[in-house]
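Data block below; observations after.
The values are calculated or read from the model by the stated rules, or taken from the named source; none is laboratory data. From a predicted model like this one, the values you see are computed outputs, not experimental measurements. Cβ coordinates were reconstructed from backbone atoms using ideal geometry, including for glycine residues, and neighbour counts include every protein chain displayed. Remember, those area values only see protein heavy atoms, side chains included, never the ligands or the DNA or RNA. Shrake-Rupley method; radii C 1.70, N 1.55, O 1.52, S 1.80 Å.
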Amino acid sequence: MSAAFLAATTFAEVPGISDSKPAEGPSVELENGKFMVPYEQRIPGTDMVIEMLPIPGGTFMMGSPEDSDDHQEDEGPQFEVSADPMWVAKTEITWAQYKQYMNLYSVFKEFEANGVRTVDETNKVDAITAPTELYEPTYTYEYGERDEQAAVSMTQYAAQQFTKWLSGVSGVQYRLPTEGEWEYAARGGTDTAYYWGDDPDAAEDHAWYYDNADEGQEDVGQKETNPFGLLDIAGNVAEWTVNQHTEDYSEFAAKAPLNAIDVVKWPETGTNCVVRGGHWQDDVEQLRTATRLASDDEEWKISDPNFPLSPWWFTDDPARGVGFRLFRSVEPLSDELIAKFWEPSAEDVKFDIESRLEGGRGGLGLVDSDLSKAVEEALN
């Protein structure tokens with residue numbers, strides 16, 4: 001699934017690009033005189049759409065000042081970051097959308113049994129794994145599985161594979177963000193503790209958190225937007241980035257100024273990876289735009305009875321407050337770089353995946369523009 005495959009043959013064919021500035025709504029003018037505009041990405045084979053918003057480029061100071069309220073050591077030192085224009089999903093991925101990916105497990109197993117769309121070493125680069133069926137669905141869905149609720153409890157790897165799947169079937173390159181990209185989009189041009197300012201008491205209008213969400217994640221899109229028009233970027237569910245956690249920003253600060261896409265530490269282990277934005281179980285202070293949360297496989301999978309532990313699912317809190325949203329660069333990334341966003345870099349994750357597949361407990365399948373039709377035929 002090369003970058004060439006994902007790039008439209010002409011710029012005019014790229015979704016979200018207009019020859020003229022729209023009369024209303026957000027837009028971003030590009031150097032070639034064209035405009036990035038909002039668009040809806042339909043999930044092929046369904047009527048479901050994901051709203052994508054254009055985000056202008058700019059610069060910001062990443063992290064939080066050392067003397068600010070609630071500052072944590074891993075939020076500093078601050079350093080300058082520039083961000084290129086991008087599209088970002090208006091909301092987090094919902095259960096209705098995520099289940100389209102989950103459903104591929106049984107389809108891939110059927111393909112494998114029937115020798116259909118076989119994966120081998122010549123085409124494995126274009127394959128994804130589908131998450132195994134939930135061991136204990138009632139626990140994962142304790143707080144609901146409504147179509148418009150944010151999907152939760154997937155691992156960083158599973159979220160990465162979702163973005164690769166949607167990219168392959170749509171022909172548009174989607175991915176998770178780096179921490180730099182996420183914080184830029186979340187701030188919306190602000191430099192305050194929260195995108196709405198420094199007052200935590202104003203959170204009620206903007207976010208779901210411990211004080212106002214005692215029954216799990218909510219349906220997306222019910223609160224106020226941030227300055228870029230993004231919903232639930234603070235609270236509701238925390239959101240995956242591609243980063244491994246770092247004790248602080250010293251290494252990045254030494255190289256500043258940096259482009260947001262370069263504010264990344266590729267994971268060397270499956271645990272201790274970064275989610276951002278805070279979630280419904282958090283106190284308001286954890287909703288600050290600079291707040292970072294490191295995943296913990298030992299604690300987040302403590303109820304997982306499998307060995308090796310699932311590379312697709314977490315079983316324990318706070319993972320039921322962890323989801324993700326889509327990001328897209330204005331130009332498709334190179335094959336080498338996008339592979340880092342889609343595939344695991346940590347050796348322990350690779351081992352767990354291969355062990356599952358060799359043991360017949362994982363679904364592996366090719367992803368391309370014909371997959372949706374093949375899935376429909378398999379289901380019917």
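When the stretch 15-43 is limited to residues that are part of a loop (DSSP other than H, G, I, E, B) and acidic (Asp, Glu), the one that is farthest from residue 96 (Cα to Cα) turns out to be 31. Per the conditions (1) open to solvent by 10 Å² or more (accessible area, probe 1.4 Å); (2) touching a helix residue (DSSP H, G or I) at 6+ places or on another chain (Cβ under 7 Å); (3) more than 24 Å from residue 56 (Cβ to Cβ), the sole criterion not satisfied by residue 273 is (1). For the stretch 176-224, residues that are part of a helix (DSSP H, G or I) and more than 22 Å from residue 51 (Cβ to Cβ) total 7.
Restricting the stretch 301-330 to residues that are free of Cβ contacts under 8 Å to residues at least 24 places away in the same chain and either closer than 27 Å to residue 232 by Cβ or in contact with an Asp or Glu (Cβ under 9 Å, 6 or more places away or on another chain) (or both), which is most open to solvent (accessible area, probe 1.4 Å)?
At the first step, the residues of the stretch 301-330 found to be free of Cβ contacts under 8 Å to residues at least 24 places away in the same chain are 301-302, 307, 316.
Keeping just the survivors that are either closer than 27 Å to residue 232 by Cβ or in contact with an Asp or Glu (Cβ under 9 Å, 6 or more places away or on another chain) (or both) gives 301-302, 316.
Numbers: 301: 13, 302: 113, 316: 19 Å².
Filtering the stretch 301-330 for residues that are free of Cβ contacts under 8 Å to residues at least 24 places away in the same chain and either closer than 27 Å to residue 232 by Cβ or in contact with an Asp or Glu (Cβ under 9 Å, 6 or more places away or on another chain) (or both), the one most open to solvent (accessible area, probe 1.4 Å) comes out as 302.
Looking across the stretch 92-151, the residues that are free of Cβ contacts under 8 Å to residues at least 12 places away in the same chain and among the small types (Gly, Ala, Ser) come down to 113, 115.
Of everything in the stretch 227-257 that's among the aliphatic types (A, V, I, L, M) and buried (at least 19 other Cβ atoms within 10 Å of the Cβ), which residue is farthest from residue 143 (Cα to Cα)?
Narrowing the stretch 227-257 to residues among the aliphatic types (A, V, I, L, M): 230-231, 233-234, 237-238, 242, 253-254, 256.
Now narrow it down to the ones that are buried (at least 19 other Cβ atoms within 10 Å of the Cβ): 230-231, 233-234, 237-238, 242.
Values: 230: 24, 231: 20, 233: 20, 234: 19, 237: 12, 238: 16, 242: 26 Å.
In this case the residue turns out to be 242.
When only residues in the stretch 162-171 that are of a type outside the set (Phe, Trp, Tyr) and open to solvent by less than 10 Å² (accessible area, probe 1.4 Å) count, which is farthest from the chain's Cα centre (by Cα)?
Step by step, filter the stretch 162-171, then rank; the result is 168.
Can residue 112 be described as of a type in the set (D, E, K, R) and under 23 Å from residue 310 (Cα atoms)?
Working: of a type in the set (D, E, K, R): yes; under 23 Å from residue 310 (Cα atoms): yes.
Answer is yes for this residue.
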